[in-house]
Amino acid sequence: MKTRAIKFFIPALAIVFAIAASAFTAMDTQADEFTLIDGYIETGDPQQPCELVEDVDCQLTGNQDCTYSVYPYPAVYQFEGETMCTKQLSRTSH
């Protein structure tokens with residue numbers, strides 16, 4: 001009887017611990033308005049309409065438009081879907 005109870009409770013405890021551990025590892029993947037976001041510029045190429053740009057401090061909100069530091073200073077966008085970069089990003093001036 002004692003062995004039967006142990007054989008039942010050990011797998012049950014393992015499942016309970018696995019569920020409890022996974023509850024604490026869930027992460028919120030949605031960015032808030034102050035999170036820095038990867039920026040993209042429009043390329044004009046229908047095959048690859050957006051190109052990732054490095055080292056831009058852009059976010060969803062701010063007091064000025066986010067632009068890339070190459071003349072003619074193109075606007076920087078958030079990549080949406082698989083083929084669009086339409087939401088212009090902002091930055092907060094320091």
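Look through the stretch 1-54, keep the residues that are assigned to a loop (DSSP other than H, G, I, E, B) and among the β-branched types (Val, Ile, Thr), and return whichever of them is modelled with the lowest pLDDT. Here the residue is 29. For beta carbons closer than 7 Å, sequence separation of 6+ or different chains, a first residue in the stretch 67-94 that is touching a residue at least 40 places away in the same chain (Cβ under 8 Å) and a second that is assigned to a loop (DSSP other than H, G, I, E, B) and of a type in the set (A, V, I, L, M), the qualifying pairs are 78/89; 89/60; 89/76.
Count of the stretch 38-85 residues, restricted to those that are open to solvent by less than 80 Å² (accessible area, probe 1.4 Å) and among the aromatic types (Phe, Trp, Tyr), is 4.
The values are calculated or read from the model by the stated rules, or taken from the named source; none is laboratory data. Please read all numbers here as calculations on a predicted model, not as lab measurements. Quick reminder, even Gly has a Cβ in these numbers, built from the backbone with ideal geometry, and neighbours come from all protein chains shown. Each accessible area value is taken on the protein alone, full model and side chains, heavy atoms only, with ligands, DNA and RNA left out. Shrake-Rupley method; radii C 1.70, N 1.55, O 1.52, S 1.80 Å.
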